[in-house]
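Comments concern the structure below.
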Amino acid sequence: MTTLGWVDYAVMALYFAFVLGIGAALRRYVRTSEDFFLSGRSIPAWVTGLAFISANLGAQEVIGMGASGAKYGIATSHFYWIGAIPAMVFIGLFMMPFYYGSRARSVPEYLKLRFDEKTRALNAVSFAIMTVFSSGISLYAMGKLLHLLLGWSFDLSIFVAAGVVLAYIFLGGLTSAIYNEVLQFFLIVLGFAPLVFLGLRAVGGWSGLVARLADHATGGGFAPGAYTRSWAFMGHASANPVGVEWFGLVMGLGFVLSFGYWCTDFLVVQRAMAANSMTAARRTPLIAAFPKMLFPFLVILPGMLALVVSPTSGVRAAAPAVSSTSPTSPTSGASAAGIVPPKIDPRTGAPLRDAAGRVVLDYDLATPMMLLHFFPAGLLGLGLTALLASFMSGMAGNVTAFNTVWTYDLYQSYVRPGAPDAHYLAMGRFATVAGVAISVVAAYVAASFNNIMDFLQLVFAFVNAPLFATFALGMFWKRTTGHGAFAGLVAGTLAAAVHHGLSLPAGAGVGVKGGYLGVVTTFPSELAQTFWTAIVAWSTCFVVTILVSLVTKARAPDELRGLVYGLTPKPVDTAVPWYERPVALAAVVLAVTFVLNVVFS
């Protein structure tokens, strides 16, 4: 447990004062429901671009990707260079013209305009539930982390964070959330860049990290470069720590899951909808793609470093690492775990071991342990504030998406249509309070179940994978019908449940990880199972939607103008310089991403 100095608390207090000040300053600009929910569509592209990426910088990004870096190595970069950038380019070039041009106020509302009311209702309800639970899990993870590292009260941590987020969203709406997300983006960069520098210096630079991870890889039965080369060992699932072959990676992560999230999740799409023009809306995800492609160096490298740095190499002397079998090693020999601590068995208080007797490391603590290990007073406050900012930006993104979907797609549509705009503005603020309150409850629910985070991510895969098939067909095939879209969504989700229920990751027990319908197949890892579950969900939705659409009546082409590619005029970007045009930005983004894939292949 670490004790903070006064300068660390001063840094945190200054951050809280800034975020609350931003909310108070922007309150006077919120006069209508569109101001509150969509920032009056008045935000410049560079701001919406940074908010687009920052809304995604929650607990899963900062803590989860660091954990994956320790567990899987540089292959975790596939979540960025394959699992994010292509989809961000796609939504910027092809999908934002429909979202922004249709003047839809949310993703579910676009589904209503393109298909029908029942498709919108299905998506709105499922999305609203997922956002508040995801927000609650961010709160839970933050409270647990602060209690574990600093000894802070779990209850006080989540109530203070929830109260701050509630205050600045209640006051300034989406505009307040967006400008705070920009602040949080820079805080995260400033907080983690020194950490990477200090960590690399401690291990002798990139070459030193490669050498140390080579020993770890061979101890686990992999080739020496398995943790530092992203593509070289993707020919077979057993040859890499991720446990996935190239097709499952490219199709499951690079296509289905990434496009399903970045192209259809209102949490991020809402930021682009707040842009001040069509061109700015299209540029939003493309601007976000530039820092996104570099984020592996900020969030993945700390996890990789934590696995191999010496416990005595930092500014702060860490507790001695547990000398035990590496969690990936099939042998019983001792292997250093760097500063990554083991998971503790709550029944015995001893390090937790798997079925083969190997100590299980708590990878989620990789990045936090790096902060405590390397940062002195003041810099530690900045690093912990960056962590707080990541948790709070993720929560704020979910809450602003929830209040919009609840007010526009559920309350206005089914409870009280036709009310004055001031009523919906008041309902939006009430929904903000309710969303934060439900998030707090969800945080305590998460505390009662050890596997709820895995379960929620699985639910996301169930919902987002078939949803992308629906969007792809709806936007690019005018024959797609509302009945086909609804049937495809339901069938895709059910197919995902069946596939998951008939499969298990290696070494897992029957339950939330699968096998509840009988174990027909086993995957090398949970990621491999998730990727293939997403592939099955997307494929089923795609096929069922086509079949049902062919036997049901399609809408007249005139009704689909502005909603379907081929029936909608192409956006014209001649009013801006060539280097600000979406196509030029997309070409640069894809070229740099290709180079990064080659360099680390």
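Kindly express, to the nearest 10 degrees and within the range 0 to 90, the angle between helix 379-404's C-alpha long axis and the longest C-alpha principal axis of the chain.
Compared with the principal axis, the helix lies near 30 degrees.
Helix 45-54: angle to the longest alpha-carbon principal axis of the chain, degrees 0 to 90, nearest 10?
With rounding to tens, the tilt is 50 degrees.
What aspartates and glutamates does K343 reach when the alpha-carbon gap must be under 19 Å and sequence neighbours fewer than 8 apart in one chain are set aside?
Cross-link targets: D354, D362, D364, D454, E526.
Quick one: accessible surface of K118, probe radius 1.4 Å, all protein chains present, in square angstrom to the nearest 10.
Spelled out: K118, probe radius 1.4 Å, area about 70 Å².
Leaving ligands, DNA and RNA out of it, rank D265, D409, D558, D155 by accessible area with a 1.4 Å probe, largest first.
Output order, biggest surface exposure first: D558, D155, D265, D409.
Taking the Cα centre of the chain as origin, sum charge times position over the Cβ atoms of Lys and Arg (+1) and Asp and Glu (-1), and report the length of that vector in debye to the nearest 20.
Dipole of the chain, to the nearest 20 debye: 740 debye.
Tell me the accessible surface of H423 in square angstrom (1.4 angstrom probe, heavy atoms of protein chains only), to the nearest ten.
Number for this one is 50 Å².
Hey, which of these cross-link pairs are over 23 Å Cα-Cα: K144/K292; K71/K144; K112/K478?
The pairs that break the limit, which is 23 Å between Cα atoms, are K144/K292.
Which shape class, rounded, prolate or oblate, goes with the stretch 244-314 when its Cα gyration tensor gives a ≥ b ≥ c as root eigenvalues, a/c under 1.5 marks rounded, and past that a/b bigger than b/c marks prolate?
Here the stretch 244-314 falls in the oblate category.
Which residues' amide hydrogens lie under 5 Å from the amide hydrogen of G378, considering only partners 5 or more residues apart or on another chain, with H built in the peptide plane?
For G378, whose amide H was placed from the backbone, the distant partners under 5 Å are G5, D8.
Would the stretch 357-410 count as rounded, prolate or oblate if I go by the C-alpha gyration tensor, calling it rounded below 1.5 in a/c and otherwise prolate when a/b exceeds b/c, oblate otherwise?
Judged from the Cα gyration tensor, the stretch 357-410 comes out oblate (a/c at least 1.5, b/c at or above a/b).
Quick one: grab the alpha carbon gyration tensor of the stretch 98-192, order the square roots of its eigenvalues as a ≥ b ≥ c, and give me rounded if a/c is under 1.5, else prolate or oblate depending on whether a/b is larger than b/c.
Taking the square roots of the gyration eigenvalues as a ≥ b ≥ c, the stretch 98-192 is prolate.
Output wanted: per-residue J couplings in Hz (rounded whole) for the stretch 150-158, from phi through Karplus 6.51 cos²θ - 1.76 cosθ + 1.60, θ = phi - 60°, x for Gly and Pro.
Once θ is set to phi - 60°, the couplings for the stretch 150-158 become 10, x, 5, 5, 4, 5, 5, 4, 6 Hz.
From largest accessible area down, sort D116, D215, D364; use a 1.4 Å probe on the protein chains.
In descending accessible area the options line up as D215, D364, D116.
If one takes the longest principal axis of the Cα atoms in the chain, at what angle in degrees, from 0 to 90 and to the nearest 10, does the Cα axis of helix 582-599 lie?
With both axes taken from Cα atoms, the answer is about 20 degrees.
Using amide H atoms built in the peptide plane, which far-off residues or other-chain residues are under 5 Å from F523 H to H?
L504, A506
Over all directions, the average projected area of the alpha-carbon convex hull for the chain comes to how many nm²?
Over all viewing directions, the chain projects a mean Cα-hull area of 25.9 nm².
In the chain, what percent of the accessible surface is made up of carbon and sulfur (1.4 Å probe, ligands and nucleic acids excluded)?
In the chain, the share of accessible area belonging to carbon and sulfur is 69 percent.
When the solvent-accessible surface of protein heavy atoms is calculated with a 1.4 angstrom probe, in what order do V165, V536, V551 fall, highest first?
Largest accessible area first, the list is V551, V536, V165.
When only DSSP loop residues count, what trypsin sites (Lys or Arg not before Pro) in the stretch 531-601 have their Cβ near at most 15 other Cβ atoms within 10 Å?
Listed in order of number, the matching sites are K553, R561.
Could you tell me the distance between the Cα centroids of the stretch 539-601 and the stretch 200-257, to the nearest Å?
The two parts, judged by their Cα centres, are 32 Å apart.
Quote the FRET efficiency, to the nearest 0.05, computed for A13 versus F186 with a Förster distance R0 of 22 Å and r equal to the Cβ-Cβ distance.
My answer for the efficiency is 0.75.
Which whole-number percentage describes the relative contact order of the chain, with Cα contacts under 8 Å and a sequence gap of 6 or more?
Relative contact order of the chain: 25 percent.
For every other residue with a beta carbon closer than 14 angstrom to the beta carbon of A280, add +1 if it is Lys or Arg and -1 if Asp or Glu, then tell me the sum.
+3
Along the charge dipole of the chain, pointing to its positive end and built from +1/-1 on Cβ of Lys, Arg, Asp and Glu, which listed residue (P311, V441, A104) has its Cα farthest out?
Farthest towards the positive pole: A104.
So what's the back-of-envelope 222 nm ellipticity for the chain, counting only DSSP H runs of four-plus at -39500 (n - 2.57) apiece and dividing by all residues, rounded to 500?
-19500 deg cm²/dmol
For the stretch 407-422, in order, what is each residue's ³J(HN,Hα) by Karplus, 6.51 cos²θ - 1.76 cosθ + 1.60 with θ = phi - 60°, in whole Hz (x at glycine and Pro)?
Karplus-based 3J(HN,Hα) across the stretch 407-422 equals 6, 7, 8, 10, 5, 5, 7, 10, 9, 9, x, x, 7, x, 4, 4 Hz.
Each residue of the stretch 277-294 in order: what ³J(HN,Hα) in whole Hz does its phi give by Karplus 6.51 cos²θ - 1.76 cosθ + 1.60, θ = phi - 60°, with x for Gly and Pro?
Karplus values, whole Hz, x for Gly and Pro: 6, 4, 4, 5, 5, 6, 6, 3, x, 6, 5, 4, 5, 5, x, 4, 5, 9.
Using a 1.4 Å probe, what is the accessible area per residue for the chain, in Å²?
37 Å²
At 1.4 Å probe size, what's the solvent-accessible area of V47? Round to the nearest 10 Å².
Approximately 0 Å² for this residue.
The values are calculated or read from the model by the stated rules, or taken from the named source; none is laboratory data. Small disclaimer: the values here were computed from a predicted structure and weren't measured. Please note: Cβ atoms are built from the backbone with ideal geometry, for glycine as well, and neighbour counts cover all protein chains shown. In case anyone asks, the SASA skips ligands and DNA or RNA and just uses the protein heavy atoms, side chains included. Shrake-Rupley method; radii C 1.70, N 1.55, O 1.52, S 1.80 Å.
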